[in-house]
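Remarks on the structure that follows.
The values are calculated or read from the model by the stated rules, or taken from the named source; none is laboratory data. This one's a predicted model, so the numbers in the text were calculated from it and none came from an experiment. These accessible areas exclude ligands, DNA and RNA; they are computed on the full protein's heavy atoms, side chains included. Shrake-Rupley method; radii C 1.70, N 1.55, O 1.52, S 1.80 Å.
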Amino acid sequence: WGKGVATEAIKLVTQFLLEKHHVRRVSAGLYEKNVGSQKAFEKAGFKLEGVFRNYWYFNEESFDQCFYSFNRNVKE
């Protein structure tokens, strides 16, 4: 934990998809409470696109779902 392994893995998979498969967009979803994954995706260049409230329900508790994406050719 905390050594950048997840961020590097996300970058490598994203690069592979962009270069070898010529995709224009890579997206990912994660639980809102998973702050480590949020940071890893953001460090890899992904942007938060939206949050679906109460998307998951488990053990009488609801959880939000965050959707991140990396878009080729997006200039900010």
From the list (1) 21, 17, 12; (2) 22, 13, 11; (3) 25, 15, 10, can you say which value of semi-axes √(5λ) of the Cα gyration tensor in Å was derived from the structure given? (3)
With all protein chains present and a 1.4 Å probe, how do Y55, Y68 order by accessible area, largest first? Y55, Y68
Give a residue-ordered list of calculated ³J(HN,Hα) values for segment 20-29 (Karplus: 6.51 cos²θ - 1.76 cosθ + 1.60, θ = phi - 60°; whole Hz; x for Gly, Pro). 8, 10, 6, 6, 9, 8, 10, 10, 8, x
Contour minus Cα-Cα distance for E8 and F58 (0.36 nm per residue): 15.0 nm
Which far-off residues, 5 or more places away or on another chain, put their amide H under 5 Å from the one on E49, with H placed in the peptide plane? F67, Y68, S69
So for L17, L12, what's the accessible-area order with a 1.4 Å probe, most first? L12, L17
Express the accessible area of the chain per residue in Å², computed with a 1.4 Å probe while the remaining protein chains stay in the model. 80
